[in-house]
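The values are calculated or read from the model by the stated rules, or taken from the named source; none is laboratory data. For clarity, every value in this text was computed on a predicted model and none was experimentally measured. Cβ sites come from the backbone with ideal geometry, for glycine too, and all protein chains shown count toward neighbours. All accessible areas refer to the heavy atoms of the entire protein, side chains included, with ligands and DNA or RNA removed. Shrake-Rupley method; radii C 1.70, N 1.55, O 1.52, S 1.80 Å.
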Amino acid sequence: EEERARSEWAARRAEEQEQKDYPDEVEVPGDVPARQRFARYRGLRSLRTSPWDPFENLPQRHHKIVHFSSPAMSRAKALKTPESAVPAGSYVTLHIERVPKSLAHSLQASCAGGMSGYKPLVVGGLAGYENRMGLVHWRVTSYRGESNSVKSKDTLVLVQGARRMEIRPIFSEASESSNNHRMLRYLPGTGSGVASAYP
């Protein structure tokens, strides 16, 4: 088992090193014509200046993703506190109906042991605009050292406040000068990249 894990790790490190050395090269199998192998890809004369339609050839499930026509206006609208919202730092009393008996018993048991065995119940809510899936981009920096490599579409755990989600991000270059970014097969060991995922 350990030998298999070591061989997988060595193969992955070799693939990552090859990607660093030859970032724009892809091997084409000898029995498949390149025209057929790359049929779903499109060539661009310049990644920075070529026209790019973001809604071209999207899968059907991507039509459910929210699109902000004006991100600054959407942000200002989201940050406005509605009149019915509870101010931060306030104490509230919640009356929860139809709680399953198993959950009620586990909460009573955790509170009966005093503060040492106390397990808090975290209650959260969604704002009115949080009703659709969205594509989120994070700027990420690797602090992994030389022992681990993180490949695009590896399963990672994202923690945002009290929320914990499994994501499979795609890594790309972190370039400020362009709105088109080259995909990276691995998270860069040094410097930073952009991780994109649907949380």
Subset of region 3-34 that is in a loop (DSSP other than H, G, I, E, B) and among the aliphatic types (A, V, I, L, M) - its residue that is modelled with the highest pLDDT: Val32
In region 71-94, residue modelled with the lowest pLDDT [restricted to those that are outside any loop (DSSP other than H, G, I, E, B) and out of contact with any Phe, Trp or Tyr (no Cβ under 8 Å at 6 or more places or on another chain)]: Leu79
Selection from region 36-47 of residues that are of a type outside the set (Phe, Trp, Tyr) and surrounded by 11 or more Cβ atoms within 10 Å (Cβ to Cβ): Arg37, Leu44, Leu47
Any hit, region 157-174, residues being small (Gly, Ala, Ser) and within 24 Å of Pro23 (Cβ to Cβ): yes
Considering residues of region 141-157 that are modelled with pLDDT of 85 or more and out of contact with any Phe, Trp or Tyr (no Cβ under 7 Å at 6 or more places or on another chain) only, the residue most open to solvent (accessible area, probe 1.4 Å): Lys153
Complete set of residues in region 10-25 that are surrounded by 10 or more Cβ atoms within 10 Å (Cβ to Cβ) and closer than 23 Å to Met183 by Cβ: Ala11, Arg12, Arg13, Ala14, Glu15, Glu16, Gln17, Glu18, Gln19, Lys20, Tyr22, Pro23
